[in-house]
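Q: Quick one: the structure is below, and I'll ask about it shortly.
The values are calculated or read from the model by the stated rules, or taken from the named source; none is laboratory data. The structure presented is a predicted model; accordingly, all values stated were derived computationally and were not measured. So basically every Cβ, Gly included, is an ideal-geometry build from the backbone, and we count neighbours across all protein chains shown. Note: accessible area is taken over every heavy atom of the protein model, side chains too, but ligands, DNA and RNA are not part of it. Shrake-Rupley method; radii C 1.70, N 1.55, O 1.52, S 1.80 Å.
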Amino acid sequence: MKKSIQLVAVVCVLTFLGCKQNSEVSPETTTENSVTQGLGQSAVVDEASSPNIVQTASASKDHSTLVTAVKAAGLVDVLSNAGPFTVFAPTNAAFDKLPKGTVEGLLAPGKKDDLKNILEYHTYVGNLKTEYMQDGQEYEQVNAGKIKITKVGDKVFVNGSEIIASIPTSNGIIHVINDVLLPK
């Protein structure tokens, strides 16, 4: 009987110590969680999945101005979400066609709403593949403006700007264009 009581006492002590040890949180874990908790979808690191729209654009040397604009407009997390989204992505050369100072002016903090409106005009909620686009179709963009599709032979145009490449991503598709689409 005495051995049974001792055994129960030892089990209780070990259980108590084990529970106490598991309930303690190290300062490193708390700091890491609080930092991660404040970040959005763009902070998720997943090296096994295909890159999303923002990751794909960020990896393109031809879209650095677009990525800078997306960051300035605060749209990185939105465009990193599940989607699907279709983004008509102007190249750096497209931004260079705008009047001098336009891009710099739109990147100013006081112009965030104007910049966001323009970028939302380049974004459709859904997955628009060129093979399904028909001549004369119109699509309502995120900012409620409409774009118009034109087809000439095998070429597809959005508001007169040719889609020169289409890149599938994990959360939609990017259609590369050589013009900046301006809302009407």
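Q: Would you please list the contacts, defined by Cβ atoms under 8 Å and residues six or more apart or on different chains, that run from a residue in the stretch 151-179 that is aromatic (Phe, Trp, Tyr) to a residue that is at pLDDT 95 or above and open to solvent by 60 Å² or more (accessible area, probe 1.4 Å)?
A: As it stands, the answer is Phe157/Lys151, since those pairs meet every condition given.
Q: Return the residue satisfying two criteria in turn: it lies in the stretch 128-139 and is of a type outside the set (Phe, Trp, Tyr) and in contact (Cβ under 8 Å) with a residue 12 or more places away in the chain, and of such residues it is nearest to Thr86 (Cα to Cα). Explain how you work it out, then say what you get.
A: Of the stretch 128-139, the ones of a type outside the set (Phe, Trp, Tyr) are 128-131, 133-138.
Remaining after also requiring in contact (Cβ under 8 Å) with a residue 12 or more places away in the chain: 128-130, 133-137.
Numbers: Leu128: 6, Lys129: 8, Thr130: 11, Met133: 12, Gln134: 16, Asp135: 18, Gly136: 18, Gln137: 15 Å.
For the stretch 128-139, the residue satisfying everything is Leu128.
Q: Look through the stretch 173-184, keep the residues that are farther than 13 Å from Ala94 by Cα and modelled with pLDDT of 95 or more, and return whichever of them is farthest from the chain's Cα centre (by Cα).
A: Applying the first criterion (farther than 13 Å from Ala94 by Cα) to the stretch 173-184 yields 173-175, 183-184.
Still in the running and modelled with pLDDT of 95 or more: 173-175.
Numbers: Ile173: 11, Ile174: 11, His175: 15 Å.
Taking the candidates together, the pick is His175.
Q: Just to be sure before I move on: is Leu79 touching a strand residue (DSSP E or B) at 6+ places or on another chain (Cβ under 7 Å), open to solvent by less than 30 Å² (accessible area, probe 1.4 Å) and assigned to a loop (DSSP other than H, G, I, E, B) in the structure I sent?
A: On the way: touching a strand residue (DSSP E or B) at 6+ places or on another chain (Cβ under 7 Å): yes; open to solvent by less than 30 Å² (accessible area, probe 1.4 Å): yes; assigned to a loop (DSSP other than H, G, I, E, B): no.
No.
Q: Listed residues Val103, Val176; which is of a type in the set (A, V, I, L, M) and buried (at least 20 other Cβ atoms within 10 Å of the Cβ)? Write out each step before concluding.
A: Values: Val103 fails: buried (at least 20 other Cβ atoms within 10 Å of the Cβ).
After ruling out the rest, the residue left standing is Val176.
Q: Also, I was wondering about something else. So, in the stretch 153-162, how many residues would count as being open to solvent by 20 Å² or more (accessible area, probe 1.4 Å) and at pLDDT 95 or above? It would help to see each step written out before you state the result.
A: Keep residues of the stretch 153-162 that are open to solvent by 20 Å² or more (accessible area, probe 1.4 Å), which gives 153-155, 157, 159-160, 162.
Next, only the ones that are at pLDDT 95 or above stay: 155, 157, 159-160, 162.
Total satisfying the criteria: 5.
Q: Report every pair of residues separated by at least 6 positions or lying on different chains whose Cβ atoms are under 7 Å apart, first residue within the stretch 62-80 and under 12 Å from Val103 (Cα atoms), second outside any helix (DSSP H, G or I) and among the aliphatic types (A, V, I, L, M).
A: Close Cβ pairs (under 7 Å, with a partner that is outside any helix (DSSP H, G or I) and among the aliphatic types (A, V, I, L, M)) amount to Leu66/Ala89.
Q: With respect to Tyr139, determine if the residue is open to solvent by 60 Å² or more (accessible area, probe 1.4 Å) and hydroxyl-bearing (Ser, Thr, Tyr). Write out each step before concluding.
A: Numbers: open to solvent by 60 Å² or more (accessible area, probe 1.4 Å): no; hydroxyl-bearing (Ser, Thr, Tyr): yes.
Answer is no for this residue.
Q: Determine which single condition Pro168 fails, assuming it passes every other condition in (1) within 21 Å of the chain's Cα centre (by Cα); (2) surrounded by fewer than 15 Cβ atoms within 10 Å (Cβ to Cβ); (3) within 21 Å of Ala73 (Cβ to Cβ).
A: All conditions pass for Pro168, except number (3).
Q: If the requirement is being open to solvent by 30 Å² or more (accessible area, probe 1.4 Å), modelled with pLDDT of 95 or more and among the aliphatic types (A, V, I, L, M), which of these qualifies: Ala144, Ala108, Ala89, Ala94? Even if it seems obvious, please write down each step before you answer.
A: Numbers: Ala108 fails: modelled with pLDDT of 95 or more; Ala89 fails: open to solvent by 30 Å² or more (accessible area, probe 1.4 Å); Ala94 fails: open to solvent by 30 Å² or more (accessible area, probe 1.4 Å).
That would be Ala144, the only listed residue that is open to solvent by 30 Å² or more (accessible area, probe 1.4 Å), modelled with pLDDT of 95 or more and among the aliphatic types (A, V, I, L, M).
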